[in-house]
Structures are given as C-alpha cells and as structure tokens.
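Everything below concerns the one structure shown next.
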Amino acid sequence: MAAFTIATGTGNWFSALALGVTLLKCLLIPTYHSTDFEVHRNWLAITHSLPISQWYYEATSEWTLDYPPFFAWFEYILSHVAKYFDQEMLNVHNLNYSSSRTLLFQRFSVIFMDVLFVYAVRECCKCIDGKKVGKELTEKPKFILSVLLLWNFGLLIVDHIHFQYNGFLFGLMLLSIARLFQRQGLPILSRLVLNSWGQAILPRRLTKVLGLQKRHMEGAFLFAVLLHFKHIYLYVAPAYGVYLLRSYCFTANKPDGSIRWKSFSFVRVISLGLVVFLVSALSLGPFLALNQLPQVFSRLFPFKRGLCHAYWAPNFWALYNALDKVLSVIGLKLKFLDPNNIPKASMTSGLVQQFQHTVLPSVTPLATLICTLIAILPSIFCLWFKPQGPRGFLRCLTLCALSSFMFGWHVHEKAILLAILPMSLLSVGKAGDASIFLILTTTGHYSLFPLLFTAPELPIKILLMLLFTIYSISSLKTLFRKEKPLFNWMETFYLLGLGPLEVCCEFVFPFTSWKVKYPFIPLLLTSVYCAVGITYAWFKLYVSVLIDSAIGKTKKQ
Amino acid sequence: MEKWYLMTVVVLIGLTVRWTVSLNSYSGAGKPPMFGDYEAQRHWQEITFNLPVKQWYFNSSDNNLPYWGLDYPPLTAYHSLLCAYVAKFINPDWIALHTSRGYESQAHKLFMRTTVLIADLLIYIPAVVLYCCCLKEISTKKKIANALCILLYPGLILIDYGHFQNIYNSVSLGFALWGVLGVSCDCDLLGSLAFCLAINYKQMELYHALPFFCFLLGKCFKKGLKGKGFVLLVKLACIVVASFVLCWLPFFTEREQTLQVLRRLFPVDRGLFEDKVANIWCSFNVFLKIKDILPHHIQLIMSFCFTFLSLLPACIKLILQPSSKGFKFTLVSCALSFFLFSFQVHEKSILLVSLPVCLVLSEIPFMSTWFLLVSTFSMLPLLLKDELLMPSVVTTMAFFIACVTSFSIFEKTSEEELQLKSFSISVRKYLPCFTFLSRIIQYLFLISVITMVLLTLMTVTLDPPQKLPDLFSVLVCFVSCLNFLFFLVYFNIIIMWDSKSGRNQKKIS
C-alpha cells in the first residue's frame, strides 16, 4: 500500500494534472476530426509501403507529404505499430479510410506522444523562478505554469479534436528552451554521472566542464531536430541563432553589458555548427544522395497558395483585407469605383483562396517576407545588443513567432500556438508580461473556434475555452494581486466583447436571413476582431521589450 | 470566498466531462424493435404531447403500454411534455404520433443530450456546489476538492449521459440533494418540499424517504411534541400533502386514474428481480432458484421483511438522536438496505445509494471512494452492452485520481479516520487483541480493487464458455454484492456507535 501511495503520489500535483489532462484527451477520442486525420493516415501509408525515393513524389492522395524528413521517419516508425491495429490503413490507395481501429490508433498515438510534452513542461517548471507569493499550492507559479501549459486550450483542440501532432513538437521546443535556461545544470548532470553507488564515473573536472556547457549544445541539438520535424519552427530560428551566437559563442561581456569581441570562442561556434550540420545531414542526406532535394523543398514550401488561408488567420493581412473591403464598399457607394472593374471573387471573400484586392495594392510573397524581416529585426537587435539572459531570449522568441504570424505568407490560425506556449513561461514572471499573455491567449484561442464547426463540438469548445480563460485570468490575477490591475478598461471591454461576438456568430447569425446571402460574415468578424487583439498584444510586447532594454542601458550608465 | 474561480473551474470540468461522455453511444442505439431507454424517453415525449392527460397511463390504440409505457410519477411526465414542446419547435417529426417510433438521428441525439445537460445544470450541479459550500469544519480548498470529486462521480455521468436512462437521475437525485440540504440547514419546509418533488419525479426516491421521515420526526420530538414540535409537524404534513396534491391534480379526478398510475408505478407482478442486479436475491439465485421455488406473494413478503429488519436499527437511532451527520449515514444505510433486499431492483438503483455516499465523502474519504468505485463497477455489464467501455474506464480513473489527490485517501485509514474508533474500543473490552481492524480494511480494499480490475479485464477480453453465457456478468454482480454487504455492515456500525464520539464532536463544532 505504501508503494501504491508513492506511485499515485499524494500531494504529487503534477502527475495528477498530467494524468487528468491525459484522461480528458481519451474522452475526446470520439469527437470530430478534420481532414488532417486523413493526411496523417496517408503519410503512414506512404512511408510504410513505399521506398524512400518515392516518399516525396507520391501523389495518389491530394494530401502529399509536406513535412521534413524526420516527420516522415516518425510516421514510418508509427506505421510499424499501426500494422498490428489495422493493416488496411497502410494502403496508399485506401483513401479516406477510417475504421474504428484506425481512429483509436491515430488518436492514441497523439496522446502517447504527448508524454514528451509533459516531460518538457516538467523541465520548464523546474527552471522557472516566478514570483513567490502565498504558500498555497494553487498560488505557486510552478503550479499555474504547468496548468497553463498542460491544459492549454489550443493544444487540446488542435491536437485532440482537430487532429495534429503538435504536442510532442512543442514538447521538443519547450525542452530545448528549458535546456537553455539550465545553464547551471550541474547538480542534475552530476547526479547522472555519479552512478548509484556514489562513485564518479568521469573525472570531476570533466563533469564540471560538461555540466556547464552541455545544456546549450543540447538545446541547439533539440531545436535542430525540431526544425527537421516541422519547418514552421523556422519562424523562431532567428531568435535561437542570435541567442546562441551571442550568449554562448561569446563567453564574456564588458562590464556595461556590451559585447567583448575578444572572448569569441571558435570551438563553440564549430561545435554548434557541427551539431546543426550533423542533424541536417542525417535528415536531408538520403535525399541529397538520391538527388531529390529540390523536390523535397518544393513540397515543403508551397508558395502557390494564397496570401491568406480560407479562414483568414487573425493577423495584419486580415486587417488589410478588411480595410480593402470597406474601402471598396465605400468607393462603390460614393461612385469612385466602377462596379465593372471589381473582380467577382472579392464578393465572396473568405471562401476563395485567392483574394484579389480592389483598392489597396495586392501583396506578393516577397512583400510579406520583407515585412516579416523588418518586424523581426528590432527584437533581434535587442537580443544582440542587450542580452538579458534566457528571459530576454524567450521574449525575442515570442516576438519572432508573433511577427511572423502577423506578416507571414499563408499563415494558419494554428500558428498562434507558437507564440502562446513560450509566452506562458514569461507570464508567471512579471505582471506586464502576464497582461500581454492573457490578451494574446484569449484572442488567439478564440480565433481557433472556426476550426471546430460541428454542432456536437460546440459545447466542448465553449466549455474548454471558458475553463482555460477563467483559470488563466483568475490565477494570474491572484498571483499579481499586489500590483496594479492586469487590464485597463479598454482591454477589459475588448475581452468581454468576445462573448457577444460568439453569441452573434454561432447562435444568432444562423437564424438570420443573411446566412444564405453572406455566409462568410461570422468568419470575417471573428478574424478581424481577433486580429485587433493580437496586433495590440504584439505591439504592447514590442514596446515593453524596447523600453526594457532602453531602461537597462540608462541604468547601467 | 476568494477562490470562487476554482469552483467555477471545477463546475466547468464537470460539464466538459459530461458532454464528452455524451458523444458516445446510448442504450438501444440502432436496435429495433424495442430500442432502449433513449427511445423510451422520446416515446414519452410523443405520448405526453399528443394525448390528453387522462390517457397517459392507460393502454389504448394510441398508447401501447408494453412499448415503453409511462411508468414513472407525474412530474416525469410533465418534464417529458416540456421537452416535447421544445422538440416540436425544432423538428415536429421527432414527436409525431406513431410515425416517430424508433426515430434516430444525429440532431435528435444532440437534442436529447442537451435536455439532460440543461436539467443537470439547473438542478443537480447547483445543489452539489451549494452543499459543498455549506460543509463545516473544512477549508475552502477542501470544499472545492470535494465538489470536484462529487461532480466527477462516474456512475451518474455514465448512466445519464452515456447509457441515457429514460428518467433523468440528475433531476431526481438533484431534488433529493436539495432536500438533504434544506433539512440539514434547518429549512425543513423547503427541504421536504424538494424531497416531495424528488419522489414525484421518481418513485425509487422512496429509498430515501424513511430517513427523511425519521429525521424530521426526531426533530419534532426534540422540540417537544406539545409545543413547537407539533406546529412543525403540522406544517410539514401540510407541505407534503399540498405538494403531492399539486403534482397529482390531473389524476385525482377519478379513482380509476389514481389507481392506474399507482399500478404503473409499482409493478409488483414483475418478479423479485430482473436481469442481473448486484443484490442479495440475484446473487443468491446462483445457488438456489428462489424465483421458481417460492410463490410470488411469499417472495414479496420475504423481501419486505428483510428490508424492514435491516433498516430498522438505523432509523430508530435517528428518531432518538436526530443529527445531520447521523441523517446522512442513515440515508446511506437505508438506501443500501433497499437496494440489497427489496423487490424489483434495477442495477441503476445503486445511484440512489451513491448519492448519500458522495455526501459523506469528506468525512470518510477512504471508504466512500471505495464504495463509489464498487458501485460503478457493479453496472459494468450494462455499460458494456451500451459500448461505453472506454468512457467508463476513463471517468473511473479520473474520479479515482481526483479522490486520491484531493483527500490523500491512503493516509486516512486509521481507525479514527474510518470512524471506527468507538466501535473498536468497545470490541476491545471483550477482545483485547482486536487492533488489526484498519490493516484488515486496507487489505480488503486491495483485494476488492484487484478483483474488480481482473474481472473487468476478463469480461472485456475473454469469451464466456458456451454453457454459461452470463458467467462474467453474474460474477460481477456477485462480487459487487459481497462488497455491498460489507458496506452495509460498516455503515450500520458507524451509525450505531456514533453516539459517544458524535456528541463530543458536535460540541466542538
């Protein structure tokens, strides 16, 4: 019985949280799943039944393999488990096959892979040193952070209802972040190096050197691996690159915090480069040998798609499109525009992939690239000239993710998770960050609502959203109750506005006569409303980062 | 209360789990000609909407009683009527007379599930939250944890949202809970009104009636039958009669009407037990076929005697020493006696025992958790029939984890925390070496849990031998019955030995 007590852990709140959310995921198995379910089934079939040389050429299904090679290998390994569940799902020609066993296997594979995510969250909680207020468990930053990450609404609905494998990928990312934080990882490592009888396996000096250095390398390695799992993480690669170059390759700073050029360590640069190169070689090498690299890249970066997804992700371009729409309507009313010159597609905007602008200039991929780079640059400069340790890195990483989300080409609404999850780590540290996090999370999560449009899932998404939002706002308010309120009246008003918006879009609009004539209005409203909030959060975060680094400079001087 | 937000979170978790379970299959899905309880509820909506009140309980060409005729009290019928009006508004096909038989569709399922959720949200959940807030002597955090555990109790969720029982348990149990709440907070009139509603919603609530009666009578005695007590008694009687009259008004017009409703409510000719129930008679049936040996009326008398004898001590004790703690325990033991010994028991009736056990969860967490696990397990054959294996396992585990983390139940197995202190002291007067009680109970728990897990695994994976097709379900019932007997003894011991320590505790509070 004693052993059982320890195993189930009385007071072991972390395992209770993790197990609880895992059980919730199991309950979500019979829910609706999107076409991504078929996408992943198809990839299982491709990797299982075809030789490597065919992986990136196979096109029987419209859902061709468009993730980097590591993900393909991951599917390959999964497929060897899948064959014990249902051999039929591994047939490339068995399109849209979804037997109950296939469903169980795929759903459970996502749930199982989330073990990595849970581990990463645990590691993150170890290295976060948030504000220490009350002694109550529910008010500890670690507890709040683990709920915010483990029970994240976005991950739950995207992975376990909509169906994708983001959980373990974010797990890799959080793990690499945690490794960068754990520079003083000596106790952990020495515990590993010392064997169970307390004898040192390695000479002490060596363990010390390893203990101080290994964590950065590990972080870099994990991130490189992650990039070869899913290339969307390229968005945050600049932050990683600059941070490692600045804080790892230069071993010392001048007293005022600026760079000491002489401290540049060639060994470290080379070892970093080697890690990244080896990982890439492992991933892309086989395709280089087969002379298929151009084909792989053409699959990975399909620039043929439109500026915005069918449902506009709530970013800058959503606002831009909406403005264009408003201007064209006004123009038509005031007779500035000739109705015959207006392209037909724009009348049903939101339903057609290619959106043609009527008044404002059309946007090309190159323009979005330049915008993104311009948006990212200041944060990178901050990180380079004013590195504020791992926390500064985390802010820069969030900004990179958000900026790319704001200005990227063909951005999915799901990409907002890339900013929300790292931002969670920041939120338990400072009241200002918490306020930005809450605005970003609430609007970002709300913008995921159109992913689930079937009636049975409506209560689930509303309940889970309320659950997460009420918890995150209340717990962070309790954590920072001694400081000034987290929201001003405008922000409160904006966030409360999400409620009526949801009621209008899902409960009122379907009963009005506009449903047939303008079916795109709910999506348009959602995306524009959320775009305002996300832009605001992005702007506020940017301002706080820039002000912080400016204050840091004056203080030092 | 600064932590109200955690209570909101707890309620939302409860609701989410309820809704996710409701995405699964229901009883009798796609199984003509009789379908299942789901069809029964839909059929009642059809009947109550299309026929005049006078014909609801009578067999006629429009109302074929053998096909899921109404066999619950009037309040259920009114509720069905209310649902029918909503159904009519959404899609009249759902309740069209005759033609809608066996109607099944995704939208209709959604509608039915929503009616359950709304009823639950209006009646049961507020009662649970309020009950936990009214608990004394524990911290806010514990109150919230308690609410979480009660809301996650898998038995109720699985029967109401998975199996879809034709009668909404959350409504009847919710009313009963409001009754308990009222009576223990000294709002006796409101409490008895709520409980009358519960009885008028589901006649099985009579399992709880005796403790209510005894507790209120005891209160009256305590106040002095010549003064305040008598006034209270008269008031209570008026409330009860008035609420019954109101509910039964349309059926009091003719004698035949009332009798027919009563005949439908208490179908004594249906035999000692049906299907597989984890009570004494069904378990005993394994060794001796009582049902065939004894004549019908003797079975009736026998079951009545057993039930009456088993609940008598606890009830007398409650009249003599009315206390809200004793009241809750008596609720448990009475309901359990009824479940084990009475006539015509359904396996789902165990929920009537589980509700009061949920109420004592914070007082004896270890035993309550154990009982609630067994009660869910006892419905396993039913849940398997409805293809609810996955949600059953998942919700049971969730409930178990919630109990373990919020009450750390494994550290609460001392005699004192099992409330067996005074019992073992009095046993030790005769048997000085009687010190191993809590150890025994721990081992019994382990054995019981292991048996349940093994039996579940066997039922799911193995095929029963051809000669004994019901082997596993009989085993499940038998094992649960043994557990329940043990619990009956345990709860009676607690009740009977409560006086000495109970009075001291009351003084402290």
Can you give the average number of partner chain beta-carbon atoms within 10 Å of each beta-carbon in peptide A:464-474, as a whole number? 4
Do any chymotrypsin sites (Phe, Trp or Tyr not before Pro) in segment B:183-272 lie in a DSSP loop with no more than 13 other beta carbon atoms within 10 Å, and if so, which? B:PHE252
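Can you give the local net charge around B:VAL357? Use residues other than it whose beta-carbon is closer than 13 angstrom to its beta-carbon, Lys and Arg +1, Asp and Glu -1. Don't skip to the answer; put the middle values down first.
Details: positive: B:LYS328; negative: B:GLU363.
That sum, taken over residues with Cβ under 13 Å, equals 0.
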Note: B:ALA242 to B:ILE425 extended length (0.36 nm per residue) minus current alpha-carbon separation gives 61.1 nm
Enumerate the aspartates and glutamates that A:LYS540 could reach by cross-link, defined here as Cα to Cα under 15 Å, with residues fewer than 8 away along the same chain left out. A:ASP433, A:GLU491, A:ASP548
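As an exercise, identify the GluC sites (Glu not before Pro) in segment A:445-534 lying in DSSP coil whose Cβ has no more than 15 other Cβ atoms within 10 Å.
Working: sites: A:GLU457, A:GLU483, A:GLU491, A:GLU502, A:GLU506; in loops: A:GLU483.
Loop-located and lightly packed - A:GLU483.
222 nm [θ] for chain A, helices only, -39500 (n - 2.57) per DSSP H run of 4+, per residue, to 500? Could the numbers behind the result be given before it?
Values: 23 runs with 347 residues, N = 557.
Taken over chain A, the calculation gives -20500 deg cm²/dmol.
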Per residue of A:452-460, count partner chain C-beta atoms within 10 Å of its C-beta, then hand back the mean as an integer. 4
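Would you tally the net charge around B:ASN492, using a Cβ to Cβ cut-off of less than 11 Å, leaving B:ASN492 out, and scoring K and R as +1, D and E as -1? Walk me through the numbers on the way to the answer.
Working: positive: B:LYS317; negative: B:ASP498.
Taking every other residue near B:ASN492 into account, the sum is 0.
What net charge is computed for the residues neighbouring B:LYS228, neighbours being all others with C-beta under 14 Å from the C-beta of B:LYS228, Lys and Arg scored +1, Asp and Glu -1?
Values: positive: B:LYS219, B:LYS222, B:LYS223, B:LYS226, B:LYS235; negative: B:ASP186, B:ASP188.
Summing Lys and Arg as +1 and Asp and Glu as -1 gives +3.
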Unsatisfied cross-links (Cα-Cα over 20 Å) in the set A:LYS142/B:LYS3; A:LYS140/A:LYS461; A:LYS230/A:LYS461: A:LYS140/A:LYS461; A:LYS230/A:LYS461
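If r is the Cβ-Cβ distance from A:HIS93 to A:ALA281 and R0 is 41 Å, what FRET efficiency results, to the nearest 0.05?
Values: r = 34 Å, r/R0 = 0.83.
After rounding to 0.05, the efficiency reads 0.75.
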Check each residue of segment A:10-30 and keep those whose accessible area, probe 1.4 Å, is at least 20 Å² smaller with all protein chains in place than in the chain alone; give them in order of residue number. A:THR10, A:ALA16, A:LEU19, A:LEU23, A:LEU24, A:CYS26, A:LEU27, A:PRO30
Evaluate the distance, in nm, between pseudo-label points positioned 7 Å from the Cα of B:HIS98 and of B:CYS305 along their respective Cα→Cβ axes. 5.2 nm
Out of segment B:1-48, which GluC sites (Glu not before Pro) are coil in DSSP terms and have no more than 15 other C-beta atoms within 10 Å? B:GLU2
Near-label residues of segment A:33-68 by backbone N, under 13 Å of a point 7 Å along Cα→Cβ of A:SER298: A:56-59
For segment B:164-307, what is the accessible area per residue in Å² when the probe is 1.4 Å? 47 Å²
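What total accessible area, in Å², is buried where chains A and B meet, using a 1.4 Å probe and rounding to the nearest 100? Walk me through the numbers on the way to the answer.
Values: alone 26590 and 22600 Å², together 46090 Å².
Counting protein atoms only, the buried area is about 3100 Å².
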Return a whole-number percent for the relative contact order of segment B:308-414, with Cα pairs under 8 Å and 6 or more residues apart as the contact set. 21 percent
Eligible lysines near A:LYS262 by straight Cα distance, threshold 20 Å, same-chain separation 8 or greater: A:LYS254, A:LYS386
Charge-dipole axis of chain B as Lys and Arg at +1 and Asp and Glu at -1 on Cβ define it, positive-most pick from B:ILE447, B:PHE266, B:GLN419: B:GLN419
Looking at segment B:112-154, which residues lose a minimum of 50 Å² of accessible area between their chain alone and all protein chains in place, measuring with a 1.4 Å probe and not counting ligands or nucleic acids? B:LYS141
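Suppose R0 equals 35 Å; then what is the FRET efficiency for A:ILE77 and A:PHE14 from their Cβ-Cβ distance, rounded to the nearest 0.05? Walk me through the numbers before you get to the answer.
On the way: r = 28 Å, r/R0 = 0.81.
Efficiency for this residue pair is about 0.80.
Rounded, prolate or oblate for chain A? Axes are the square roots of the Cα gyration tensor eigenvalues, ordered a ≥ b ≥ c, and the cut-off for rounded is a/c under 1.5. Could the numbers behind the result be given before it?
On the way: a/c = 1.39, a/b = 1.22, b/c = 1.13.
Because its axes are fairly even, with a/c under 1.5, chain A counts as rounded.
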Which residues of segment B:371-403 end up with at least 50 Å² less accessible area in the presence of all protein chains than when their chain stands alone, using a 1.4 Å probe? B:MET390, B:VAL394, B:ILE401
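Summing -39500 (n - 2.57) over the DSSP H runs of n ≥ 4 in chain B and dividing by its residue number, what mean residue ellipticity at 222 nm do you reach, to the nearest 500 deg cm²/dmol?
Numbers: 24 runs with 338 residues, N = 509.
Calculated mean residue ellipticity at 222 nm is -21500 deg cm²/dmol.
About the Cα centre of segment B:1-96, how large is the charge dipole given +1 on each Lys and Arg Cβ and -1 on each Asp and Glu Cβ? Please answer in debye to the nearest 20.
Values: 6 positive and 7 negative charges, 32 e Å.
Dipole about the Cα centre, nearest 20: 160 debye.
Nearest 20 debye, what's the magnitude of the dipole of segment A:68-182 about its Cα centre given +1 on Lys and Arg Cβ and -1 on Asp and Glu Cβ? Walk me through the numbers before you get to the answer.
Details: 11 positive and 9 negative charges, 99 e Å.
Roughly 480 debye for segment A:68-182.
What accessible area per residue comes out for chain A, rounded to a whole number of Å², with a 1.4 Å probe? The partial results should precede the final answer.
Details: 25040 Å² over 557 residues.
Here the per-residue accessible area is 45 Å².
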In nanometres, what is the gap between the two model label sites at A:VAL543 and A:ALA455, each 7 Å from Cα along Cα-to-Cβ? 4.6 nm
Treat each spin label as a single point 7 Å out from the Cα along the C-beta direction, and report the A:ARG391 to B:LYS54 distance in nm. 8.1 nm
Hey, any idea what % of segment A:1-112's accessible area is carbon plus sulfur with a 1.4 Å probe? 63 percent
If the cut-off is a Cα-Cα distance under 19 Å, which aspartates and glutamates reach B:LYS109, setting aside same-chain residues fewer than 8 apart in sequence? A:GLU457, B:ASP37, B:GLU39, B:GLU46, B:ASP93, B:ASP120, B:ASP160, B:ASP386, B:GLU387
Per residue of segment A:377-390, what does 6.51 cos²θ - 1.76 cosθ + 1.60 with θ = phi - 60° give for ³J(HN,Hα)? Whole Hz please, x for Gly and Pro, Karplus curve as stated. 3, x, 5, 5, 4, 4, 5, 6, 8, 9, x, 10, x, x
If you take the square roots of the eigenvalues of the alpha-carbon gyration tensor of the protein assembly as shown and sort them as a ≥ b ≥ c, do you get rounded (a/c under 1.5), prolate (a/b over b/c) or oblate? prolate
Set the bar at 18 Å for Cα to Cα. Now go through A:LYS135/A:LYS482; B:LYS136/B:LYS325; B:LYS31/B:LYS88; B:LYS142/B:LYS421 and name every pair that lies beyond it. B:LYS31/B:LYS88; B:LYS142/B:LYS421
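Counting only trypsin sites (Lys or Arg not before Pro) that are in a DSSP loop and have at most 10 other C-beta atoms within 10 Å, tell me the longest site-free stretch of chain A.
Numbers: sites that count: A:LYS132, A:LYS135, A:LYS304, A:LYS335, A:LYS482.
Looking at chain A, A:136-303 is the longest stretch - no exposed trypsin sites (Lys or Arg not before Pro) with at most 10 other Cβ atoms within 10 Å.
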Carbon-plus-sulfur fraction of the accessible area of segment B:87-209, 1.4 Å probe, in percent? 68 percent
Could you point to the residue in A:GLN106, A:ILE157, B:VAL286 farthest towards the positive end of the protein assembly as shown's charge dipole, with +1 and -1 charges on the Cβ of Lys/Arg and Asp/Glu respectively? A:ILE157
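Place a +1 charge on the Cβ of each Lys and Arg in segment B:380-466 and a -1 charge on the Cβ of each Asp and Glu, then give the dipole magnitude about the Cα centre in debye, rounded to the nearest 20. Kindly include the intermediate steps, with their values, before the conclusion.
On the way: 6 positive and 7 negative charges, 91 e Å.
Using Cβ point charges on Lys, Arg, Asp and Glu, segment B:380-466 gives about 440 debye.
The values are calculated or read from the model by the stated rules, or taken from the named source; none is laboratory data. All figures in this text were calculated on a predicted structure; none of them were measured in a lab. So basically every Cβ, Gly included, is an ideal-geometry build from the backbone, and we count neighbours across all protein chains shown. Keep in mind that these areas ignore ligands, DNA and RNA; they rest on the heavy atoms of the full protein, side chains included. Shrake-Rupley method; radii C 1.70, N 1.55, O 1.52, S 1.80 Å.
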